[in-house]
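*Asks:* I have a structure I would like to understand better, so I am pasting it below and will then ask my questions one at a time.
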Amino acid sequence: MEPGALEDELTCAVCLQVYQDPVVLFCQHSFCLKCIEGVWAQTPGPEGFECPQCHRKFNPRPSLERNVTLCNIVEKYTRSQPPADSAHVLYRQCVHHKKILEFYCKDDAECVCVSCTITGKHNSHTLLSLDQAQAAIKEELEREIESLRGVQQNCSSKQRDLERSEAEIKTRINELKGKLSKSFSEWRRQLEEDEEYALKLIDEEGLRALSQIRSCSEALNKRMEQITLIDGETQSLVQRDHLSFIQNSKQLLSRVIETQRVTDPDVPALTLNLSNISQLIQKRLNGLEKYHSDILGIIGQRSPMSLDPKTVNWNLVLSDDLRSVTWTERKQPYPPHPERFKDCPQVLCSQSFSSGSHSWDVETDGNRWGIGIVCGSAERNGSNSDLRLSSKSWCLGFSADFLRVWHNYRSSDLPPTPSNSRIRVQLDYEAGTLSFHRVTDSLRHLHTFQTTFTEPVFPAFYCRNKSLKLFN
């Protein structure tokens, strides 16, 4: 048999290539295993499965038996042939017309042959050449990949936020543990001193009470010894003759009367004066409240903060719970007070901080607001009372769509952020840091001030439009 004829005999009618793992049907036609399975997977009809070559129907689906004879012939043939060209393009044959697939149906998104476009179901569809289809699909694929890259970048950005949050949390944990250990060590030292002081008070009070007992006991013993001595002399005297008894009884009787006249030692109710000790210890232990407050302050756990009515400007209205402030054009009838802000629409919290770590959230609304902290000695009127300008305040401010940080007339622009946001303020008094974060699904760091605090500071708020609400 000629080589060309042999190759025709060894060619699969579906892929038009030399058989790969050939199987034989009941009609004695052979196909590549993957080819026949692919055809049947695409076109299982109501009448069952058919042979792509003779169209014989099979129902149910027949088992696919390996064509051993053909396998052996193919193996010998492929060993005698030179290596196939790696750039050879494998075309699939149309399962309906047994012709090469030359066009792409855009409507059904599948490759078709010439007969499909003329007499088949695709004759009225939009057709592209395979080159055009490849270019169009490639362009669509690149668009989708580009979109996926955007998703990837978004995920990467969130991953970086998580990594920053992880690093910040680990740093925060170490800082908290260090500060708590230091505070508890100081507390233990103070407790040991207080224990020593309390034990000393009890020892001193015990010595006082026991000394009283010994003194009273000695006086009673001395009086009993005198009485015992007189009683003994009396018993000895009554044993003498009458004359001797009479002559010595006068002196003995005088001693008896004199001894009776002596007042018995006063024995008071001798107990420990614990009320005095209790007062002294209570005075000493009052300092423990400070340690309790400091430890809770380190982890940011305090009673809810509230806005201070005596500091609020006349153009601001406080809510009943003193947790939010709203700007108004109408001046409010607040009484004069030296701590009230007179020129700027500002208000402070009632609470101040002089140690520890603290945080609170502020929900912003409107296009002109400021949040931060201010020293208690800051001015209350004039331009220097403005949170953004004072040398004794540190402020994050929003105005005219710009976000800035302010201190002592100096400002720095920050990346844009929505005017309606939730801002977290974090203060570490000992470290001298004041940080601002935008609260979303995670914390987005905005800015951190680094300074040295030398006096108590108060949370402060500037509101020139709409409202601010405090959370902590």
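The values are calculated or read from the model by the stated rules, or taken from the named source; none is laboratory data. Keep in mind the model is a prediction, meaning the values are calculated, not measured. Methodologically, a virtual Cβ is constructed for each residue, glycine included, from the backbone with ideal geometry; neighbour enumeration extends over all protein chains shown. Accessible surface areas use protein heavy atoms only, side chains included; no ligands, DNA or RNA. Shrake-Rupley method; radii C 1.70, N 1.55, O 1.52, S 1.80 Å.
*Asks:* What is the sum of charges, Lys and Arg at +1 and Asp and Glu at -1, for the other residues whose Cβ falls under 14 Å from the Cβ of Ser244?
*Replies:* Spelling it out: positives minus negatives among the neighbours equals 0.
*Asks:* With each run of n ≥ 4 DSSP H residues scored as -39500 (n - 2.57), what mean residue ellipticity at 222 nm is computed for the chain after dividing by its residue count and rounding to the nearest 500 deg cm²/dmol?
*Replies:* Result for the chain: -14000 deg cm²/dmol, rounded to the nearest 500.
*Asks:* Search the structure for amide H atoms under 5 Å from the amide H of Gln17, placed 1.01 Å from N in the peptide plane, and list their residues when 5 or more places away or on another chain.
*Replies:* Cys12
*Asks:* Same structure again: Give a residue-ordered list of calculated ³J(HN,Hα) values for region 48-58 (Karplus: 6.51 cos²θ - 1.76 cosθ + 1.60, θ = phi - 60°; whole Hz; x for Gly, Pro).
*Replies:* The phi angles translate into x, 10, 10, 6, x, 9, 9, 6, 5, 8, 10 Hz.
*Asks:* What accessible area per residue comes out for the chain, rounded to a whole number of Å², with a 1.4 Å probe?
*Replies:* Normalised by residue count, the accessible surface of the chain is 63 Å².
*Asks:* Can you spot the lysines whose alpha carbon is less than 19 Å from Lys170's alpha carbon? Ignore those fewer than 8 places along the same chain.
*Replies:* Straight-distance partners of Lys170: Lys158, Lys179, Lys182.
*Asks:* Here is a follow-up. Kindly write out, for region 204-214 in residue order, the coupling ³J(HN,Hα) from the Karplus curve 6.51 cos²θ - 1.76 cosθ + 1.60 (θ = phi - 60°), rounded to whole Hz, with x marking Gly and Pro.
*Replies:* Residue by residue, region 204-214 yields 5, 5, x, 4, 4, 5, 5, 5, 4, 4, 5 Hz.
*Asks:* Anything over 19 Å Cα to Cα? Flag those among Lys98/Lys121; Lys310/Lys342; Lys331/Lys466; Lys34/Lys138; Lys34/Lys121; Lys222/Lys250, in the order listed.
*Replies:* The answer is Lys34/Lys138; Lys34/Lys121; Lys222/Lys250.
*Asks:* Expressed in nm to one decimal, what extension gain is obtained for the pair Ala135 and Ser391 from 0.36 nm per residue of sequence separation less their Cα-Cα distance?
*Replies:* 85.7 nm
*Asks:* Short version: ³J(HN,Hα) in whole Hz for each residue of region 324-332, in order, from phi by Karplus 6.51 cos²θ - 1.76 cosθ + 1.60 (θ = phi - 60°), x for Gly and Pro, what are they?
*Replies:* 9, 9, 10, 7, 9, 6, 7, 5, 8
*Asks:* While we're on this one: So what's the angle, to the nearest 10 degrees on a 0 to 90 scale, between helix 288-298 and the longest Cα principal axis of the chain?
*Replies:* 10 degrees
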